[in-house]
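Shown next, in structure tokens, is the structure this report addresses.
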Amino acid sequence: MRPLLTTILLLLAFTAPAATTTSTAPRILFHLDFETGFTARAPNAPGGTIALAQTTGTPTLVPGKRGQAAHFGPGQVLAYPATGNLDKTHGSLAVWLQAPQDGLGPAGSSDRHTLFREDGPYTGRNTNTLWIWQHLGRGLRADMRDPRDRYIYMNTSATWKKGEWHHIVITWDNTRGTQAYVDGEWVAQSVATQWTPKPYERFFIGAADARGLHPWDAAIDELTIYDRELTEDEVRAEFLKTGSFTTRTRLFESYLTAEQEGFVRLEYYNPADTPAQLTRLHYTLAAKSPVNGEATPLTAAHGRLTDQTIAPHSRNLLQIPLTLSTPGDYRLTLSHTEASREHTIEIPVYVHPATDAPATSDSASTVPPATETLIAEIDITTTAPLAQSAPTAIIRSPLGAYREAGPNRHDRFAIEFSIDPARVTQPHIAVITYPDDKARTMEMMLHDLTGKKDFQAQIGVFTGDEYPVSDKMLQQRILFWPRSTRQSFIFMTAEQGKPAAAASIKIYHLDSLPPSPPAPVFQGSIPAREIGIYYEDPVLNQSYGESADFPGFAAAMTRTLDYMQSFSQGTLLYPVAWYEGPLYGSIAEPLHQSLGVGGVRPHPPGYPAYFARRLAARDMTFNAGLHMHMLASLMPAALTDLNRIHAGEETVLNMRRDGQLWHGHYHGSDPGYNPLDPRVQKAVANIATEIVDRYGDASNFTGLSLVLARVKIFAFGSAESGYNDTNLQNFQRDTGVSIPGYTAPTPARPGDPQRFAASYRWLRATPAAWKSWIDWRCAQLHAHYKRLAEAITARRPDLKLTLNLFTPRADYARMSDYLHAAPADAWREMGIDPALYANDPSITLAYTLVPADYRWRRSLGDKSTDLECNRTVFFAPESAAFMRATPHPEAVIHDRYWEDAIGRTSPMRDLPVAEHPWRCTTLNAAGRNSLEPYAAAINNFDAQRITKGGYLIGTFGMEREIEEFSRAYRALPAVRFDDIPGLEDPVRVRQKTVDGRLYYYALNRLPESVEIKLQLNDGSPGPALTLKPFELRTFVHASAATRVTGGRVTIAPVWLSQLQRDTQTAIARVASLRQTHPKEFARFSPYADYAQTCLDENRPARLHYLLQEHWAIAARKLASAAPTR
């Protein structure tokens, strides 16, 4: 094999931060070069020098980067006065340092290496303590302890080797934030933030305090503090005094499939001001480990590559085609000569088998069912808990006996079981029997008893209240891969007064995890409907307890695919760009850092390509999620100085209605950036096109999903923001609407500081102008999304741009009051007018349902009078009626994760190990009620793709129910079906002719079984069905002329009679409010009238949900509170 070389030349100019513009050279406040020991040069000090103020051990003088340096070991530190030597209003700190260890060091270690620290508080926000230190497992970090604690990491420290010299510069300005340079290059910038400088008496060099705590454990040289921010050119000049630039290599992708041509993709980047000449490029590809008894790894390929000339500040992208026949791990050694020095790097190459089906078979059609071997059976009523936080009770009930936890939130108990040592890490099933006899909100959490922590089985169930109880014992099946022999389940009361309970646990070992039996997936001229899993956070490896390195990542991916196929899931939505930007190794975004707002989520370089390959091998699809809050490339334009903004400078930050800026905020707030700013739109477009350019060749790649939660970068979040000058000026220009008193600022005439707030007040008080303002914002964002969609489809016409509408909780109430206000108005104020997307075939809208929000808010003690809106917004058809305008509607079922630190703050004492410190439990409705959101997505807007998931997914515990639903759903073509008059409630029947065949489905909208007999247009009877709660059944008829014309539904008379009585009671309660509560009567009576209409028209499914809405619940409470006569 002789690989060909494809070399692509791309010129990219990095946008460096705009430091303070000045013609005055930076002034040195403090300089320590160790040439004369530990006396520092300090121009503000008497005599221009400052002696060591130190009583503990001094460091050892050693050869440095230039002359002498100081090596800091345990108990060694230098201390100097800060007054006159450090200005935290603005400044820079430059230093040469030796790396104290290889790479990031051990993750999770409590040890630290401190380079520089002020003598201020260790903890707490807004202490304004400057601290530069090595966070083991994370990288070199700089803290200014501002009000939002927006620290920065220098991620390039991950590649350092112990003892190597590197140059760092940290700069700061209290109106903008901090930034960092490593070896002359800009590498990090904090989220735009501000602080009030707080002085401290002294600062430490080489350790964290006067005792020498957390020493740097390596050498430091040439430490200088300046009186202002250094510019990029000044930083480069400072570095080049002693250092030199060399070409740097970054890996983008190294995943191959056996017997198929693949590529290793990487870049050479030249940071210097002069061209770089790379000669004698050659590579060797060898197996990572010896095979077949060989003494050394076998060489699989080798060759020479074309010499490279790389322009200043530019990059060459190399794409090396390779074809290997044997799966396994390989090592690519790549060498080149630059400036007479040879440079060598090693790149891991992973070759996956050509077939990626579960090990039992290459074909799902021949896979037998898994053999379940019972290995443990535990009667929880006779087995004493391993630990408990409060007393439990044994309940003897008509259903049978069970153990019940206490009624208080967090009351819990643990039941232990054992795993065969030979079967650790193999798939197991826990079958937990529990009572469905009253309202319960309970957690069932797998807990390893050897201290291993993961999130693969943190689940739970709801019973009662909004869900009818079955008065039966139900079973929860939980798939897991035990990581040790000692395991337990913890049963916890997750809501006050809704106690956890369980009767027994059976543990089964599975000999395999085979795919679900083949489903009749639609095949035709259009795609089939898709159903699968959605990740909000990129935490695949954490869900299944594997390490973050590639082998652990690959193992987690295998488990994910096996798990998905086991219950007929066919698509994966996974983030490729998270809160702080791309995760895959981006060229469009110059910085690759954590901005300190969402934690670190390490992924292998180019992992979307790996995802696509693994999924394609199993005939599954992949969709890339963009979840961005902020982008490092926009930080230089994130101006926070209101005086400069008032004078006319335009910031990319989002201007609030009160004339203040949104920035540095998190979930629940409007976005930090103005989504109509051309710089913001260009940054988003660059990432979107980069993703489809890089991964669009994969035939199973279906496109991009922009997650439009309130804080994301893509839309406004609400009408409370977006009052930037550029928006106000363009709005007036485009619409002809003139805002009284608004005058655009000019260099000669600064603007009125009140113009932003005044514009909002006038617009809000002027209905016609307000409508024009909202219409204009929606049109501008629609044009932006259309440009994105056009760029995506230019790569491949079948790709789609999905806008995932994640309703802010602040809008639940207004969207649930659908008879008084249009629910779409909330989205229009965010900048999304669904009506504009009716004719956009390449843009789809996805409505996000959060079915657990109602219980979650209740569990947190939410006393809102309209708490029921947490259900109505997701299950009332009227709340999502706007989705019917889009040609390809989708649904995302977001599992609200019940984050809880009770295991850390109040752990159970009798556990042999520390209780899991941070729960992220997913709770679903019990039994078939868990299908309620799936049924809502189909009934309310005929969703053509449905995905379910959230944060740390693990397994759901409702796989059998989802599998049944999925097998029916995937048989349907992805096209909008036609309603059939008279077949909407309680069974929704829709139909569509595709490719000369009739497809139709019947969906039970009720939590009760129903019977239906369908009628066809030729007079013949259609299917006669008994539909279980929320069941979906699909059918295909060979004749295009066939139509379903009608049908008859039968519901259990007892259930229907009770519903009718409850409806009449609710209507009467509203009528009784006319005199006692006229305001509530006026608000509720339209809903009571609607309920009467539904009663008259025999619409039991709509009535079932109407009676759970705020009007009915509030009327009941008011009526019960009324004094009796």
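The values are calculated or read from the model by the stated rules, or taken from the named source; none is laboratory data. If you're wondering where the values come from, they're calculated on a predicted model, not measured in any experiment. For neighbour counting, all protein chains shown are included, and Cβ atoms are generated from backbone atoms with ideal geometry for every residue, glycine included.
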State all residues of segment 419-441 that are without any contact (Cβ under 8 Å) to a residue 60 or more places away in the chain and under 30 Å from D511 (Cα atoms); if no residue qualifies, say none.
A422, T425
Hits in segment 125-142 - residues which are in contact with a Leu (Cβ under 7 Å, 6 or more places away or on another chain) and farther than 18 Å from H167 by Cα
L136, G137, R138
Inspect segment 796-818 for any residue being more than 26 Å from the chain's Cα centre (by Cα) and of a type in the set (A, V, I, L, M) and give the result as yes or no.
no
Of the residues K992, K1028, K1013, only one is out of contact with any Asp or Glu (no Cβ under 9 Å at 6 or more places or on another chain) and among the charged types (D, E, K, R); which?
K1013
Given the conditions (1) within 30 Å of A876 (Cα to Cα); (2) touching a helix residue (DSSP H, G or I) at 6+ places or on another chain (Cβ under 8 Å), and given that G464 satisfies all but one, which numbered condition is not satisfied?
(2)
What do you reckon, is Y574 modelled with pLDDT of 95 or more, under 25 Å from P912 (Cβ atoms) and part of a strand (DSSP E or B)?
no
Check whether at least one residue in segment 248-258 is farther than 30 Å from G328 by Cβ, crowded, with 24+ Cβ neighbours inside 10 Å, aromatic (F, W, Y) and modelled with pLDDT of 90 or more, and report yes or no.
no
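Give, as residue ranges, the strands (runs of 3 or more DSSP E) completely inside segment 29-118 that count at least 3 residues that are closer than 30 Å to T193 by Cβ.
Of the strands (runs of 3 or more DSSP E) lying wholly inside segment 29-118, those with at least 3 residues that are closer than 30 Å to T193 by Cβ span 78-81, 90-98, 112-118.
Please go through segment 454-502 and pick out each residue that is in a loop (DSSP other than H, G, I, E, B) and either assigned by TED's automatic domain parsing to the domain that holds P933 or β-branched (V, I, T) (or both).
V469, T485
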Strands (runs of 3 or more DSSP E) within segment 180-283 that include 2 or more residues among the acidic types (D, E), without any contact (Cβ under 8 Å) to a residue 60 or more places away in the chain and in contact with a His (Cβ under 8 Å, 6 or more places away or on another chain)
none
Suppose we keep only residues that are under 19 Å from R148 (Cα atoms) and touching a residue at least 60 places away in the same chain (Cβ under 8 Å) within segment 662-701. Which one would you say is surrounded by the most Cβ atoms within 10 Å (Cβ to Cβ)?
G672
Within segment 907-925, can you find the residues that are within 28 Å of the chain's Cα centre (by Cα) and among the hydrophobic types (A, V, I, L, M, F, W, C)?
A914, W918, C920, L923, A925
Segment 471-506 - residue that is among the aliphatic types (A, V, I, L, M) and more than 29 Å from the chain's Cα centre (by Cα) and, of those, surrounded by the most Cβ atoms within 10 Å (Cβ to Cβ):
A500
Helices (runs of 4 or more DSSP H) lying entirely in segment 1047-1125 (those with 2 or more residues that are free of Cβ contacts under 8 Å to residues at least 40 places away in the same chain)
1053-1071, 1073-1076, 1078-1096, 1110-1121
Scan T224, T171, T178 and give me the residue that is buried (at least 23 other Cβ atoms within 10 Å of the Cβ), closer than 18 Å to N85 by Cα and of a type in the set (S, T, N, Q).
T171
Against the condition under 28 Å from T242 (Cα atoms), part of a loop (DSSP other than H, G, I, E, B) and in contact with a strand residue (DSSP E or B) (Cβ under 6 Å, 6 or more places away or on another chain), how does A142 come out, does it pass?
no
Residues that are more than 18 Å from V892 (Cβ to Cβ) and outside any loop (DSSP other than H, G, I, E, B), drawn from segment 695-713:
Y695, F701
Across segment 284-316, the tally of residues that are of a type in the set (A, V, I, L, M), at pLDDT 90 or above and assigned to a strand (DSSP E or B) stands at 3
Matching residues, segment 378-418, being surrounded by fewer than 21 Cβ atoms within 10 Å (Cβ to Cβ), touching a residue at least 60 places away in the same chain (Cβ under 8 Å) and not in a strand (DSSP E or B)
T381, L386, P398, L399, G406, P407, N408, R409, H410
Just to verify a result, which residue in segment 531-560, among those that are farther than 14 Å from G949 by Cβ and in contact with a strand residue (DSSP E or B) (Cβ under 9 Å, 6 or more places away or on another chain), is surrounded by the most Cβ atoms within 10 Å (Cβ to Cβ)?
G545
Among the residues of segment 997-1011, how many are surrounded by fewer than 24 Cβ atoms within 10 Å (Cβ to Cβ) and within 11 Å of V1036 (Cβ to Cβ)?
4
Search result, residues across segment 1025-1052 that are over 23 Å from R1102 (Cα atoms) and over 40 Å from the mean Cα position of the chain (by Cα):
H1037, A1038, S1039, A1040, A1041, T1042, R1043
Working only within segment 36-61, note down all residues that are surrounded by 15 or more Cβ atoms within 10 Å (Cβ to Cβ) and closer than 22 Å to H166 by Cα.
F38, A40, P59, L61
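Going through A822, A846, A838 one at a time, which residue ends up being on the phi < 0 side of the Ramachandran plot, crowded, with 23+ Cβ neighbours inside 10 Å and out of contact with any His (no Cβ under 6 Å at 6 or more places or on another chain)?
Going through A822, A846, A838 in turn, the sole match is A846.
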Y854 - would you say it is of a type outside the set (K, R), farther than 30 Å from I691 by Cβ and assigned by TED's automatic domain parsing to the domain that holds A925?
yes
Verdict on W165 being among the aromatic types (F, W, Y), surrounded by fewer than 22 Cβ atoms within 10 Å (Cβ to Cβ) and modelled with pLDDT of 95 or more
yes
So is T807 under 30 Å from A1112 (Cβ atoms), touching a residue at least 24 places away in the same chain (Cβ under 8 Å), polar (S, T, N, Q) and in the same structural domain as R656 (by TED's automatic domain parsing) or not?
yes
